[in-house]
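Asks: The structure follows.
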Amino acid sequence: EVYTSVAVLEDVINTETKIISSIEEYIRLESEKLDHLNRYMKRYQEQNNLALRNIEDYLENPLNIYLLIKRLTVELQAVEDLIGLNNVEKVSSNLDLYKNRTDFPTVQDFNGTIRSLAVMQDVYRLNTSAFASGQLGKFKYDTELSSWDCIQFGNHYYEKEYYNYSHSWFEEGKNRFSRKFNEFGETNAHLNYVQARIKEMDEIFRKNNSLVNHEDRETELFGEHCRKDMTPPIEILSKLKCKYVTNNKPYLLIAPFKVEEISMKPRILRFYNVMSDSEIEKLKELAYSRFETAKISRKGIDLALDSSRLAKVAWISKTTHECVAKISERISDMTGLTTRTSEPLQTSNYGVGGYFKSHWDFAHPKFFNISTLARRNNGNRIATLLFYMNEVSQGGHTVFPLAGVIAKPIKGSAVVWYNLYPSGDADNDTRHAACPVLTGTKWVSNKWLYEYGQEFLRPCELDPHATGYDFFK
Ligand SMILES: O=C(O)CCC(=O)C(=O)O
Ligand SMILES: [Fe+2]
């Protein structure tokens, strides 16, 4: 599918250009054919009218007889050939060529796009009329949805039994119908359909005596944080520090890491300027060609469920390019941990309204048999580094609903936290989500470090839930 990545859609626009040329070519061929037929027709008519004026006189002339026979044999055959000339096939085979491309959108993409836009509307509580007239957050685009489009959204919410959203979309569809925002030759049948649905839902509302809205629990949980202002309250803010960190590395004395605490519990840090613009461009390029296979190679304890994550991901190993190895070294310097047991870097590009519902990055003992996992892999995901590769124009924040923490994408920065206590116990408060991208796109890279190999770098402490241990000592 293509709607799960905005980057993939860039190519789709070029394919669309080619499709438009194909259709233009078809119209040109068909127009030529019709012009030709028109000329034949005119000649036929002239001759026929002439004959009809006085049939006997007409047939007196042997040349007319010759021409009559000619018209109805040789010429008619030519006309028939012209009518039968199949431009459709020629163009269809061209179109098929484009449609068979792996990045060509399908009807599933169309439905997926509606689904994700609906999540976006729900999370950001976008007003239906405003949304349909191109108002997305603080931006107003001059793109309008038609009556037909509104019906599609209405249907989507109807099927999910989100009746008040459904109702508002059908209402919008009705208004737009009368305001001639309709297309595809919509008829009154559409309007009747919309009115029937509205009536049906009014009935449901009347029976339930209130508006019904079955909001998705997970969406509700992180949505609340996605809508919030990102500045933490002053009493928390005043306790958070920032610092230059060298981690006892001589070369870091010259260019120390700029680190900021963004949460105390769980402890979450943001490192600034830890991925350069050229590294970002390189990673995007490497990721792009790996997006397809990435889905297949997704295995093990990646907890991402397809339905809960709307992004394309690529796994990029250290050996792929020197910049990936460099980033790995930097990660060691930042955390004081080894990357030897880590997973390859995961680079993701979010799709239309792309989001990632609340999850833990580690295999949670509640859902996984940790001892089998530990034997198979390098233990559990001890720490997460989340690199932001661009600034999202609206939305796309990372939120930690249980901790009440919001991290905004800042290009070149990385947000870092431990998923596990020094004892190896899970830190439930690290549960987090990626808010839908409202406008723009979002690129991130994740690095997950594993327990194995960290024994001496991050030793156990007496208190199993000790949080004293830090990335910067
Ligand atoms: O993109 C984000 O903000 C979070 C991504 C994330 O949580 C993940 O990939 O595990
Ligand atoms: Fe995550």
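Asks: On the accessible surface of region 107-208, probed at 1.4 Å, how many percent belong to carbon and sulfur atoms?
Replies: About 53 percent, which is the carbon plus sulfur part of the accessible surface.
Asks: Report, in degrees rounded to the nearest 10, the 0 to 90 angle that the Cα long axis of helix 147-159 makes with the longest principal axis of the chain.
Replies: Once rounded, one gets 50 degrees.
Asks: When the helix-only estimate is applied to the chain (DSSP H runs of n ≥ 4, each -39,500 (n - 2.57), divided by the residue count), what is the mean residue ellipticity at 222 nm, nearest 500 deg cm²/dmol?
Replies: -14500 deg cm²/dmol
Asks: Rounded, prolate or oblate: which fits region 227-450, taking a ≥ b ≥ c as square roots of the Cα gyration tensor eigenvalues, rounded meaning a/c under 1.5, else prolate when a/b beats b/c?
Replies: Cα axes put region 227-450 in the rounded bin.
Asks: Still on this structure, I have one more. About its Cα centre, what dipole magnitude does region 6-99 give when the only charges are +1 on Lys and Arg Cβ and -1 on Asp and Glu Cβ, stated in debye to the nearest 20? Kindly include the intermediate steps, with their values, before the conclusion.
Replies: Numbers: 11 positive and 17 negative charges, 54 e Å.
The dipole magnitude comes to about 260 debye.
Asks: Taking the simple approach of a point 7 Å from Cα along Cα-to-Cβ for both LEU29 and ILE236, what is their distance in nm?
Replies: Going by the 7 Å Cα→Cβ label model, 6.3 nm.
Asks: If a/c stays under 1.5 just call it rounded; otherwise compare a/b with b/c (prolate if a/b is bigger, oblate if not). Do that for region 6-99, with a ≥ b ≥ c from the square roots of the Cα gyration tensor eigenvalues. Before the final figure, lay out the partial values.
Replies: Values: a/c = 7.78, a/b = 4.07, b/c = 1.91.
Since a/c reaches 1.5 and a/b is larger than b/c, the shape of region 6-99 is classed as prolate.
Asks: Right, here's the next one. Could you state the angle between the C-alpha long axis of helix 87-99 and the longest principal axis of the C-alpha atoms of the chain, as a value from 0 to 90 degrees rounded to the nearest 10?
Replies: Tilt relative to the chain: about 0 degrees.
Asks: Work out the length of the dipole vector of region 107-208 about its Cα centre, built from +1 on the beta-carbon of each Lys and Arg and -1 on the beta-carbon of each Asp and Glu, and round it to the nearest 20 debye.
Replies: Numbers: 13 positive and 14 negative charges, 59 e Å.
Its charge dipole is roughly 280 debye.
Asks: Taking the dipole about the Cα centre of region 6-99, with the C-beta of Lys and Arg at +1 and of Asp and Glu at -1, give me whichever of VAL88, LEU68, ALA7 is farthest to the positive side.
Replies: Value computed over the given set: LEU68.
Asks: If I fit a long axis through the Cα atoms of helix 322-335 and take the longest principal axis of the Cα atoms of the chain, what angle between them do I get, 0 to 90°, rounded to 10?
Replies: Here the helix axis deviates by roughly 40 degrees.
Asks: For the chain, just the Cα set please: Rg and Dmax, both in angstrom.
Replies: Taking only Cα atoms of the chain, I get Rg and Dmax of 31.8, 121 Å.
Asks: If I compute solvent accessible area with a 1.4 Å probe over the protein chains, what percent of it on region 312-351 is carbon and sulfur?
Replies: Values: 660 of 1360 Å².
The computed percentage sits at 49.
Asks: Please state the relative contact order of the chain as a whole percent: Cα pairs under 8 Å, 6+ residues apart? Kindly include the intermediate steps, with their values, before the conclusion.
Replies: Details: 723 pairs, mean separation 72.2, N = 473.
15 percent.
Asks: Please list GLU46, GLU161, GLU30 from largest to smallest accessible area, probe radius 1.4 Å, with all protein chains kept in place. Walk me through the numbers on the way to the answer.
Replies: Details: GLU46 120, GLU161 85, GLU30 40 Å².
Largest to smallest exposure gives the sequence GLU46, GLU161, GLU30.
Asks: Please calculate how many Å² of accessible area the chain carries per residue, with a 1.4 Å probe and no DNA, RNA or ligand atoms counted.
Replies: The answer is 53 Å² per residue.
Asks: Pairs LYS99/LYS140; LYS366/LYS411; LYS258/LYS408; LYS243/LYS282; LYS243/LYS411: which are spaced more than 24 Å apart, C-alpha to C-alpha?
Replies: Cα-Cα > 24 Å for LYS99/LYS140; LYS366/LYS411; LYS243/LYS282; rest within.
Asks: Putting +1 on Lys and Arg Cβ atoms and -1 on Asp and Glu Cβ atoms, find which of PHE170, GLY137, GLY112 reaches farthest to the positive end of the dipole of the chain.
Replies: GLY137
Asks: Under unit Cβ charges (Lys, Arg +1; Asp, Glu -1), what dipole magnitude, rounded to 20 debye, does the chain have relative to its Cα centre?
Replies: It works out to roughly 1560 debye.
Asks: Take the alpha-carbon centre of region 127-151, take the same for region 15-34, and report the distance between them in whole Å.
Replies: 31 Å
Asks: May I ask you to rank PHE104, PHE400 by accessible area, largest first, using a 1.4 Å probe over the protein chains only?
Replies: Working: PHE104 50, PHE400 0 Å².
Accessible-area ranking of PHE104, PHE400, largest first: PHE104, PHE400.
Asks: Please give the contour-minus-distance gain from TYR141 to SER393: 0.36 nm per residue of separation, less the Cα-Cα distance, rounded to one decimal in nm. Could you put the intermediate results ahead of the total?
Replies: Numbers: separation 252, 0.36 × 252 = 90.72 nm, distance 1.38 nm.
That works out to 89.3 nm of additional length.
The values are calculated or read from the model by the stated rules, or taken from the named source; none is laboratory data. Nothing here was measured: the structure is a model prediction, and the numbers come from that model. Here Cβ is always computed from backbone atoms with ideal geometry, including for glycine, and neighbour counts include all displayed protein chains. Ligands, DNA and RNA are stripped out before the accessible areas are found, and what is left, the full protein with its side chains, is counted by its heavy atoms. Shrake-Rupley method; radii C 1.70, N 1.55, O 1.52, S 1.80 Å.
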